[in-house]
1. Please state the shape class of region 47-119: rounded when a/c is under 1.5, otherwise prolate if a/b exceeds b/c and oblate if not, all from the C-alpha gyration tensor.
2. Output ³J(HN,Hα) for region 88-95: one whole-Hz value per residue in order, computed from phi by the Karplus curve 6.51 cos²θ - 1.76 cosθ + 1.60 with θ = phi - 60°, and x for Gly and Pro.
3. Give me, ordered by chain and number, the residues 5 or more places off S150 or on other chains with an amide H under 5 Å from its own placed amide H.
4. With the dipole of region 178-218 worked out from charges on the C-beta (+1 for Lys and Arg, -1 for Asp and Glu) around the Cα centre, which of H188, V212, Y202 lies farthest toward the positive end?
5. Please go through region 193-240 and write out the GluC sites (Glu not before Pro) that DSSP classes as loop and that have at most 16 other C-beta atoms within 10 Å.
6. To make sure I understand, if each residue's beta carbon is the centre and we count other beta carbons within 10 Å, what order do T164, T241 fall in, fewest to most?
7. Would you mind getting the Kirkwood hydrodynamic radius of the chain from its Cα pairs, rounded to one decimal in Å?
8. Kindly express, to the nearest 10 degrees and within the range 0 to 90, the angle between helix 217-229's C-alpha long axis and the longest C-alpha principal axis of the chain.
Amino acid sequence: MVLSKELKLEVERTARGVREDIIRMVNAAGCGHPGGPLGMADFMATLFVAHLNLKPENRDAPDRDRFILGNGHTCAGYYSLLAQRGLFPREELLEFRKFGSRLQGHPHRSAELGIDMSTGSLGTGLSVGVGMALAARLDGHGSRIYVASSDGESQEGQIWEAATAAAHYGLANLTVLVDFNNVQIDGHMRDVMDVRDLREKYTAFGWHAMDVDGHDVEAIHQALCDAKTESERPSALICHTVIGKGVSFMEDQPGWHGVAPDNEQAAAALAELGTG
Ligand SMILES: Cc1ncc(C[n+]2csc(CCOP(=O)(O)OP(=O)(O)O)c2C)c(N)n1
């Protein structure tokens, strides 16, 4: 299905807002992870605006869609999306990582905020997604379960146990979006531990798997629509992205995995994003 012009504009506006919020939040906190979520902004905005059925009015509905951020350290972008979708006030984003804040450095499950699972320990998200997808099917809900993951998280053995179970149980209501930016905490994937071709791996595990340009919102939308047409297999979108996307001095730089920009760097980043 084609992404309508209005929806595409809304996705792009939301992704710009996500990037701006990430810079402001991590700068204000003086710590956090800006690189990963800057790269994920386009596919996450496409998911949250055009697909994920989560809004303030249905946050308590048992049959709504679910989202789990497996790579929990990238939560600055996730919090921005929840705020932009109206789950809590956007001003609260500047409380990120502060003592007593609801917006901790890794997501804490909260029915109020619409956060479906606590994450941060890499490898657990997809397993919980399998459980939620099984439960939704048993309960007869037509809802979908979405899990974000990453290339670095794909080094965890638990991911592949979950992938095996999801295919075994034919969980067509489960979709994983893998942020493949070729970088993890200690450097480039090829230097730390190369996970190689994740589309081939998920396919071998019995999934419907696709490579997608993680910055092409129309392609991401199409891939998410394709996932919905599957009747027996779970779907994996291998989203090829650039860490730090949108801020030239952060792009493809592993050093920006988990370092906060200082005031000068934040001002330069916001100016480049067109929001300074
Ligand atoms: C079980 C576990 N082991 C180690 C870590 C520490 N850790 C935090 S982020 C990270 C790298 C994750 O890779 P990726 O998500 O690809 O990083 P990014 O693209 O955001 O730079 C690691 C090893 C963790 N959070 N959980």
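1. Prolate is the answer for region 47-119, as a/c is 1.5 or above and a/b outweighs b/c.
2. Listing the rounded values in order: 7, x, 5, 4, 5, 4, 6, 7 Hz.
3. For S150, the qualifying residues are D179.
4. Y202
5. Counting only loop positions with at most 16 other Cβ atoms within 10 Å, the GluC sites (Glu not before Pro) in region 193-240 are E232.
6. Ordered from fewest to most neighbouring Cβ atoms within 10 Å, T164, T241 come out as T164, T241.
7. One decimal place: 18.4 Å for the Kirkwood radius.
8. 20 degrees
Read-outs: derived from the displayed coordinates by stated rules, not from any lab. Since the structure is predicted, the reported quantities are computational estimates derived from the model, not experimental observations. Glycine also receives a Cβ, built like all others from the backbone with ideal geometry; neighbour counts cover every protein chain displayed.
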